[in-house]
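Report on the structure given below.
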Amino acid sequence: MKYDQSNFMPIVLCCLFMFTLQPNPAQAQDKMSAEEEAIYKNMVKNMVNDTDMATEVIKKNESSRSWTEGKDGIVDYHIVGVYQGQTNIVGDSNWIGYADVTDRVEIDLKWMLSESKMVGTPILQNTKSEVKNLRNPEPSCLPPVIKGEYEHYELQGIKQGLGGALELQVKTTYPVVEVAQFCTGNRKSIPASSKSRPEELVVPSLVMLGMSLPDSDNLRISPDKKSLIHKKADWTWTFTPNTKE
């Protein structure tokens, strides 16, 4: 069986990156000795026959190692989530009133690379939701009227989840909304309410910044090569590691 080296390279890179991550913070501060460096480079050449590819693997892996050396294996992540989409702003699921909603949340946290877990207490910053273009699902019917503020996504806390994921504690607040009965009839007042829920957010490994990723909403590299971007369900999440010591 013949393997395509271009497809095999990301696998090699991931394996070698995990080899360089030290589970012991004290060890993570020490750079490889000359002897260890020679063994490491020889291992890469044995795994990858193409010389140019081997050089590229070493170069990208050494760049990844720089995140752990001298930082106790911890990376400062700045995470920005931006929402933009059509949303039902009525708290009662028996009624529908659409609006174009935008929202934004920012998270600053410390991330232990070798264990894929959050360290310390994260800093959260919520932005008020913007609501525009209120409408009925049926264009000929009267649009809803809101009597208060709709808050689409209020991040109230973060817990360590499973498998390198974060568990986000999220709250959505619905104002009083007047909806038209029978399309153009008398209006009915829907009481204000709120709903809380947990959501999972997976933190991608920064080793991906050194890879040639396909152009996919699942995960892509930003044009400036400094961030990883994930898009899903009208959300765009941008993960930027901080290079400052």
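What follows draws every value from the coordinates through simple rules; no lab data is involved. All figures in this text were calculated on a predicted structure; none of them were measured in a lab. Using ideal geometry, Cβ is built from the backbone for each residue, glycine included, and neighbour counts are taken over all protein chains shown.
Proximity of backbone amide H atoms, modeled 1.01 Å from N, is registered between Gly97 and Ile89, Val90 at under 5 Å, excluding neighbours fewer than 5 places apart on the same chain. Applied to the range 123-140, the Karplus parametrisation 6.51 cos²θ - 1.76 cosθ + 1.60 on θ = phi - 60° returns per-residue 3J(HN,Hα) values of 9, 10, 9, 9, 10, 4, 5, 10, 10, 9, 6, 5, 7, 8, x, 9, x, 7 Hz, with x for Gly and Pro. 3J(HN,Hα) along the range 103-113, derived from phi through the Karplus expression 6.51 cos²θ - 1.76 cosθ + 1.60 where θ = phi - 60°, amounts to 8, 7, 9, 10, 10, 10, 8, 9, 10, 7, 4 Hz, with x in place of Gly and Pro.
Which entries in the list Lys117/Lys226; Lys128/Lys195; Lys110/Lys225; Lys171/Lys226; Lys147/Lys188 go over 19 Å, if you measure between the two C-alpha atoms of each? In this structure, Lys117/Lys226; Lys110/Lys225; Lys171/Lys226 exceed 19 Å between Cα atoms. For the range 170-235, the list of GluC sites (Glu not before Pro) that fall in a loop by DSSP and count at most 11 other C-beta atoms within 10 angstrom is empty.
For Gln169, neighbours were defined as the other residues whose beta-carbon sits under 10 Å from its Cβ, and their charges (Lys and Arg +1, Asp and Glu -1) total 0. Annotation: amide H-H contacts under 5 Å for His78 (H modelled 1.01 Å from N, sequence separation of 5 or more, or interchain): Thr240, Asn242. In terms of the Cα gyration tensor, with a ≥ b ≥ c the square roots of its eigenvalues, is the range 74-241 rounded because a/c is under 1.5, prolate because a/b exceeds b/c, or oblate? Taking the square roots of the gyration eigenvalues as a ≥ b ≥ c, the range 74-241 is prolate. Put simply, the amide H of Cys141, placed in the peptide plane, has no neighbours under 5 Å, leaving out anything fewer than 5 places away on its chain.
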